[in-house]
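Data first, discussion second: the structure below is written as structure tokens.
The values are calculated or read from the model by the stated rules, or taken from the named source; none is laboratory data. This one's a predicted model, so the numbers in the text were calculated from it and none came from an experiment. Heads up, the Cβs are rebuilt from the backbone with ideal geometry, glycines too, and the neighbour counts pull from every protein chain shown. Protein only, heavy atoms only, side chains kept; ligands, DNA and RNA dropped before computing areas. Shrake-Rupley method; radii C 1.70, N 1.55, O 1.52, S 1.80 Å.
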Amino acid sequence: MGRNTRKRRSSMANKAIAASAALALGGGGLIWANFYASAHESNNNGWSQNQTKAAAAQVATISCPDVGQKLTNVPQSARQGVATEVANLDKQITEAYARLASTRQAQAGDSGFVQNAIVGPLKEKRAATIDRIRIDIQRVGGQFNTSLSQLAACTTQNAQTNAGETGGQQQGGQQNGGQQQNGGQQNGGQQQGGQQNGGQQNGGQQQGGQQQGNAGQGGNGPVAADFVDITKVQGNAQLGVGQNGLPANGNSGSKGSFTTKCGTNGNDNHNTDNVIVAPGVANGAHHLHDYVGNQSNDAFASDQELEAAQTSCQNQGDKSSYFWPVLRVQDGTQDFDQNNDGGGKEGNVGKILQPAQAQLKFVGNKKGNVVAMPTALRIITGDAKAFVNGNANANVNWSCTGFENKVQLETQYPICPQGSQVVRTTDFQSCWDGQNIDSANHRTHVAFAQADGSCANGFKAIPQLQVRLVYNVPAPKLENGTVVNPYAVDSFPENLHKPITDHNDFINFFSTNTMNQMVNCINTGKKCQ
């Protein structure tokens, strides 16, 4: 097969280095660190403190319409070519963001610089790429939605109006119903209104925040406003309730469960690919993933290769692939990918944290029985671009051990008290269209159950995957509007490592026999593993 960039971190890679060296790394977004640090200097080659702050206030990141999510009707024979072009769109945004981050002095001196030198050329590149998507679709007789051509233009987000924290929040509740109960309480309440928007402007973005002296995410997040002391958050979780406001295991219907044990990625199996959304494209994710289960997942793996692969799961009938963005702590330590695409070159820096626990559990449907998943079914949940896309597809739950039945966070990372661990929980879509193992936008072939547990549009209930990741994370400290030793998930550079961008991926390669065992356990109310 093509390649697998599995890496085992050496002891050398885990040694802490001086923070100044971390900030000196080249590549996308990293010059922001020096830019922010200069905000506390009286003069930086003629660049005044006021100019620095003014530039920071003007533009924080680039926001582009997500063409991939709009592609709902692509003929099968055109999907590989279209996926490659969608990946090109992501690469173009990444490159534009890197230019945005490395030209702050020019921006401070020329109000038209961003539009003329970055956003304008980006629109031209995107227009050409979208036209190639049109050609790919029409070449095989498909219908191209001409309105997609209008998605070429991008906008900029400034520190005061970030999509994921203002406009994006207005979309809360569009798709996932009960899931947005967390977002609704957080975004409109004490966290979002006072701390996130105001705190980010004053403490994080303009004053330089944590970026001077402790490595940070290379200058593109996280910032102080991305964190909250969980002990100070009003309880917002419903006891015994999982994703979308549904009982985690149902009070009726199929009440069993099936747990598979696949480890915590002790093999250090990592790459920056995503075979679901960018097959055949190296570094299609622009951030690093942990992989458990299937050991052959990279951008070039075929279904046949995945089905024949080794697995880290104890049950050898489970060769499914489970993957999510890594969590890193920014304590001045560099990891093996500090000079790599998708790693330090794209602002994903710091020490990779291996989960202390990775719990993979399949549960039933509260209204009725579930049916078997088809082999090679692909499900992505959450949105890696939610900060600029808005929350319509966000699916995020952050908490701490001892607080999970009280507080679930979407838009902030928790600071856990001593003795408590950080928890990431994801409940996947559990309704399937009964026909397709994937869809053009990788979303419409699956859906969340409705409030009563039923599946709309003739979809069928399938076992719901619940992933619970637990980490030993040194607690960050908030000091004078800055955050010291923050942690964050890897992200696309322009999404600034916001917690709302957390996401999770699954490809089903259970054997037929093991899948049937799972379905039987769930439908008969047994707890199997």
Quiz item: Leaving out ligands, DNA and RNA but keeping every protein chain, what accessible area does Ile230 have, in Å² rounded to the nearest 10, with a 1.4 Å probe?
Solution: 0 Å²
Quiz item: Using a probe of 1.4 angstrom, how much of the accessible area of segment 289-365 is carbon and sulfur, in percent?
Solution: 38 percent
Practice problem: Output ³J(HN,Hα) for segment 259-276: one whole-Hz value per residue in order, computed from phi by the Karplus curve 6.51 cos²θ - 1.76 cosθ + 1.60 with θ = phi - 60°, and x for Gly and Pro. | Solution: 10, 10, 9, 10, x, 10, 6, x, 7, 6, 8, 9, 7, 9, 8, 8, 5, 6
Quiz item: If you average 1/r over all unlike Cα pairs in segment 273-367 and invert the result, what Kirkwood radius do you get in angstrom?
Solution: 14.9 Å
Quiz prompt | Surface accessible to a 1.4 Å probe, per residue, for the residues of segment 387-439, Å² | solution = 28 Å²
Practice problem: Quick one: which residues, 5+ away or cross-chain, put their amide H under 5 Å from the amide H of Cys400? H built at 1.01 Å from N. | Solution: Val423
Practice problem: Report the equivalent ellipsoid semi-axes for segment 353-441 in whole Å, largest first, defined as the square roots of five times the eigenvalues of the gyration tensor built from alpha carbon atoms. | Solution: 28, 18, 13
Practice problem: Quote the FRET efficiency, to the nearest 0.05, computed for Ala127 versus Thr72 with a Förster distance R0 of 25 Å and r equal to the Cβ-Cβ distance. | Solution: 0.75
Quiz prompt | Solvent-accessible surface ranking, highest first, for Arg139, Arg378, Arg132, Arg468 at 1.4 angstrom | solution = Arg139, Arg132, Arg468, Arg378
Quiz prompt | Residues Gln435 and Ser511, FRET efficiency given R0 of 30 Å [Cβ-Cβ distance, rounded to 0.05] | solution = 0.90
Exercise. In Å³ and rounded to a whole number, note down the convex hull volume per residue for the Cα atoms of segment 474-529.
Key: 175 Å³
Self-check item: FRET efficiency for Asp110 and Lys477, using Cβ-Cβ distance with R0 set to 41 Å, rounded to 0.05
Solution: 0.60
Quiz prompt | Rounded to whole Hz, the Karplus (6.51, -1.76, 1.60) HN-Hα couplings of segment 133-148, x for glycine and proline | solution = 4, 4, 5, 4, 6, 6, 4, 9, x, x, 9, 9, 6, 5, 5, 5
Self-check item: Label-point gap, in nm, between Asn145 and Val371 - each point 7 angstrom along Cα→Cβ
Solution: 2.6 nm
Self-check item: Per-peptide average of other Cβ atoms within 10 Å, ordering 483-492, 423-432 highest first
Solution: 483-492, 423-432
Quiz item: For the pair Ala451 and Gln529, how long in nm is the line joining their label points, each one 7 Å along Cα→Cβ?
Solution: 3.5 nm
Quiz item: Cys431's amide H: which non-local residues (gap 5+, or another chain) put their own amide H closer than 5 Å, with H modeled 1.01 Å from N in plane and none for Pro or chain starts?
Solution: Ala447, Ala449, Ile462
Quiz prompt | Mean Cβ count within 10 Å, highest first, over the residues of peptides 282-292, 298-308 | solution = 282-292, 298-308
Quiz item: Which trypsin sites (Lys or Arg not before Pro) in segment 477-529 pass both tests, a DSSP loop state and at most 15 other beta-carbon atoms within 10 Å?
Solution: Lys526
Self-check item: Amide H contacts of Thr482 (H built 1.01 Å from N, under 5 Å, at least 5 apart or other chain)
Solution: none
